[in-house]
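Novice: Quick one: the structure is below, questions incoming.
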Amino acid sequence: MNPSTLIGIAASVLLLATVVLFTAQTPSSFFNFPGLAIVITGTLAATFISYPMREVVRVSRLVGLVFRRENSRIDDDIQTLVSMARHWFRGNIRAIEAELEDTRNPFLRTGVSLVIANTQDDEIHDVLRWRIARMRAREYAESQIFRTMATYAPAFGMLGTLIGLINMLEVIDGGDLTVIGPRLAIALMSTFYGILLANLIFKPVAVKLERRTEERLIEMHMVMEGVMLIAKRRLPSFVEDTLNSFMAEHQDEIREPAPHTPKRSSEEETVA
């Protein structure tokens, strides 16, 4: 499991346990099944109305990505590109084709296949950029569904609260004022559920998917750069250095921290 997701789940459980056990006289006051049903059913209904069926079904399968720890294969892709650069520099096309059969990165396989097919550099660049743009649009649309659900959930929470207030007004007309407090608490629980689901489930999942997309885009741009260097028949050592620098993590790309200069003592200042 993804460690950050595991920590978040543990912190969420601790938060809810604290709220339920230490902020109310009876923990059961935080459980209102009609209010929860209004929020969940309304949010799902609005989501299905807003998006095509195929997109909603595909997104439901992506929830598992939030919990699964993905192993980066960037180092493997760099080594594959460097190896193919050596073969291409030497004109050993058969060795490249043999490596392509074992390559698990379809984007890399497409790019190198265009190179060995003697495709023009600008055409290779256009095809790869189109693949990147298509992937970005698809995955951002998937994360946007969860952001939409985060918008719907509080709204349906307010709807459940309004329904509870209407029922409370009917009780007031009957003259039984002793049930106003409990009925009001039940009415407000719908808003509680809506805010909780939006900020503890839907928005975090959307952010997680967006971060995953950003990492995948960085890797795809790195692969595209490697493919273009191979097409230009750059030296394998140059390809390797370029790709390693492309993926290097820096503290700040435009400014380095000032070097630490030891403070001189008063005696040294006097001598100076």
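Novice: What's the FRET efficiency of L235 with E215 using the Cβ-Cβ distance as r and R₀ = 30 Å, to the nearest 0.05?
Specialist: My answer for the efficiency is 0.55.
Novice: What percentage of the solvent-accessible surface of region 32-248, computed with a 1.4 Å probe over protein heavy atoms, is contributed by carbon and sulfur atoms?
Specialist: 58 percent
Novice: Same structure again: Averaging sequence separations of C-alpha pairs under 8 Å and six or more residues apart, then dividing by the length of region 32-248, give the relative contact order as a whole percent. Numbers along the way, then the final one.
Specialist: On the way: 210 pairs, mean separation 80.0, N = 217.
Computed over region 32-248, the figure is 37 percent.
Novice: Let me ask something else. When the chain is fully extended, how far beyond the present Cα-Cα distance does A155 get from A10, taking 0.36 nm per residue of separation?
Specialist: Contour length minus Cα-Cα distance gives 49.5 nm.
Novice: Whole number in Å², please: accessible area per residue of region 32-248, 1.4 Å probe, ligands, DNA and RNA not counted.
Specialist: Ligands and nucleic acids excluded, the figure is 57 Å² per residue.
The values are calculated or read from the model by the stated rules, or taken from the named source; none is laboratory data. This one's a predicted model, so the numbers in the text were calculated from it and none came from an experiment. So basically every Cβ, Gly included, is an ideal-geometry build from the backbone, and we count neighbours across all protein chains shown. Ligands, DNA and RNA are stripped out before the accessible areas are found, and what is left, the full protein with its side chains, is counted by its heavy atoms. Shrake-Rupley method; radii C 1.70, N 1.55, O 1.52, S 1.80 Å.
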